[in-house]
2 protein chains.
Amino acid sequence: MIRHTVAFTLKNQKKSMEGLDFFTALKKLASIPGVQKFECLKQISRKNKFDFGLSMEFDNATLYEEYTNHPTHVYFVETYWLTEVDDFLEIDYEPLT
Amino acid sequence: MIRHTVAFTLKNQKKSMEGLDFFTALKKLASIPGVQKFECLKQISRKNKFDFGLSMEFDNATLYEEYTNHPTHVYFVETYWLTEVDDFLEIDYEPLT
């Protein structure tokens, strides 16, 4: 299992929240083959600067790579992520054996 | 639901991994009342500097606060965390409604 997480802030949170386009588009990533346990999250700790989060799981690295290269993901990154996200941090986990 | 996560690096990873004391002590946090879905994780993204992760969930903020103040947690932080952890980042999530 690989858990892919991204903590992020938006350039214009009010606009992105009100318009709903960003989060509607974000949720479409859940339909990409291999994506499991897809979650849109609110970041609530005061100990970092991020406002939102995204979490999903893949069975293996191949499925994760196929997700990254999937047209739906590429389109989302180019159309929404690059224009509306201010800053982000990717953190990926595997179980510690 | 509140998901409390911490990504971290160790000052001396080899020593902390071989001795097992750190991770043995870390896993005892799972026994604190209110802690659910406790996970020790390996951080695998090359896009950040962290090597390990910790994730757990609480039903509400009161249980999270009780965990923070619990003697088992306080003892772990003072005895292991402050001496063996090099750097860390706390990221806490709630479902985005």
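Quick test of your reading of the structure: A:K47 fulfils all but one of (1) surrounded by 18 or more Cβ atoms within 10 Å (Cβ to Cβ); (2) at pLDDT 95 or above; (3) in contact with a Leu (Cβ under 8 Å, 6 or more places away or on another chain). Name the failing condition by number. Of everything listed in (1) surrounded by 18 or more Cβ atoms within 10 Å (Cβ to Cβ); (2) at pLDDT 95 or above; (3) in contact with a Leu (Cβ under 8 Å, 6 or more places away or on another chain), A:K47 misses just condition (1).
Put simply, of B:E84, B:E90 the only residue that is within 18 Å of B:K15 (Cβ to Cβ), in contact (Cβ under 8 Å) with a residue 60 or more places away in the chain and acidic (D, E) is B:E84.
Candidates in the range A:28-45 are the residues that are farther than 19 Å from A:K11 by Cα and of a type in the set (D, E, K, R); of these, the one that is nearest to the chain's Cα centre (by Cα) is A:E39. Look through the range B:1-54, keep the residues that are within 9 Å of chain A (Cβ to nearest Cβ), touching a residue at least 24 places away in the same chain (Cβ under 8 Å) and among the β-branched types (V, I, T), and return whichever of them is farthest from B:V85 (Cα to Cα). For the range B:1-54, the residue satisfying everything is B:I2.
To keep it simple, each residue is scored yes or no on (1) out of contact with any Cys (no Cβ under 9 Å at 6 or more places or on another chain); (2) farther than 18 Å from A:E94 by Cα.
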residue: B:F23; (1), (2): no, no
residue: B:L26; (1), (2): no, no
residue: B:L29; (1), (2): yes, yes
residue: B:E57; (1), (2): yes, no
residue: B:H70; (1), (2): yes, yes
residue: B:L82; (1), (2): yes, yes
residue: B:F88; (1), (2): yes, no
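Of all the residues in the range B:86-96, those that are outside any strand (DSSP E or B) and at pLDDT 95 or above number 0. The residue of the range A:75-89 that is nearest to A:K49 (Cα to Cα), among those that are aliphatic (A, V, I, L, M) and within 12 Å of the chain's Cα centre (by Cα), is A:L89. Look at B:L41 and say whether it is within 21 Å of A:S55 (Cα to Cα), crowded, with 16+ Cβ neighbours inside 10 Å, of a type outside the set (K, R) and at pLDDT 95 or above. Against the criterion (within 21 Å of A:S55 (Cα to Cα), crowded, with 16+ Cβ neighbours inside 10 Å, of a type outside the set (K, R) and at pLDDT 95 or above), B:L41 qualifies. Of note, B:T83 does not satisfy the criterion of being in a strand (DSSP E or B), away from chain A (no Cβ under 12 Å) and either surrounded by fewer than 18 Cβ atoms within 10 Å (Cβ to Cβ) or not hydrophobic (A, V, I, L, M, F, W, C) (or both). Between B:F76, B:F22, B:F58, the distinction of being at pLDDT below 95 and surrounded by 13 or more Cβ atoms within 10 Å (Cβ to Cβ) belongs to B:F22 only.
The values are calculated or read from the model by the stated rules, or taken from the named source; none is laboratory data. The shown structure was predicted, so the numbers you read here are calculated from the model rather than taken from an experiment. Note that we place each Cβ from the backbone using ideal geometry, even for glycine, and neighbour counts take in every protein chain shown.
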